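Down below is the structure, laid out as structure tokens.
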Amino acid sequence: MGFIKIILCSVLISVLLLSQFNSSLILLNYQLNKEYIAQNLCENKDKPEMNCCGKCVVNKQLEKETQQKNKMNFTKEKETAKLVVRKLKLNDSFFNLVEQSFSSYIIHLPSIKGDIATPPPKFV
């Protein structure tokens, strides 16, 4: 049973790390497969004066990955904002309910200003 937990934890940690280093993996893939990308996938292989060598493919992949991260971050921020608004609404409605329920029990104290009839005694 302990062996299964170790394997499961290792897999989960690996997945989390790989998702964080996606752009590094794209660049590593480019370095390892530079010749194949330059010959088969490059959009500018017909224009040797540009000296692209497949960088256009890598730039597109990096841009796509950045857009996906931005979209995920925006979605997370939007969900967080919704949760905060819901929580505030719940808290507000809860306090309104408490105030309505216990309003007859609230003691209204007179204000301290001007309500004192005699000043405190002076000790000499």
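The values are calculated or read from the model by the stated rules, or taken from the named source; none is laboratory data. Since this is a predicted model, take the numbers as computed values, not measurements. Every residue, glycine among them, receives a Cβ derived from its backbone with ideal geometry; neighbour counts consider all protein chains shown.
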(request) Go through segment 32-49 residue by residue and tally those that are modelled with pLDDT under 85 and either assigned to a helix (DSSP H, G or I) or touching a strand residue (DSSP E or B) at 6+ places or on another chain (Cβ under 7 Å) (or both). (result) 1
(request) Of the numbered conditions (1) part of a loop (DSSP other than H, G, I, E, B); (2) hydrophobic (A, V, I, L, M, F, W, C); (3) modelled with pLDDT under 85, CYS52 fails exactly one; give the number of that condition. (result) (3)
(message) Just to check your reading of the model, which residue among GLU49, GLU63 is within 35 Å of the chain's Cα centre (by Cα), surrounded by fewer than 13 Cβ atoms within 10 Å (Cβ to Cβ) and without any contact (Cβ under 8 Å) to a residue 60 or more places away in the chain?
(response) GLU63
(message) For GLU43, only one of the following conditions fails: (1) under 23 Å from the mean Cα position of the chain (by Cα); (2) surrounded by 11 or more Cβ atoms within 10 Å (Cβ to Cβ). What is its number?
(response) (1)
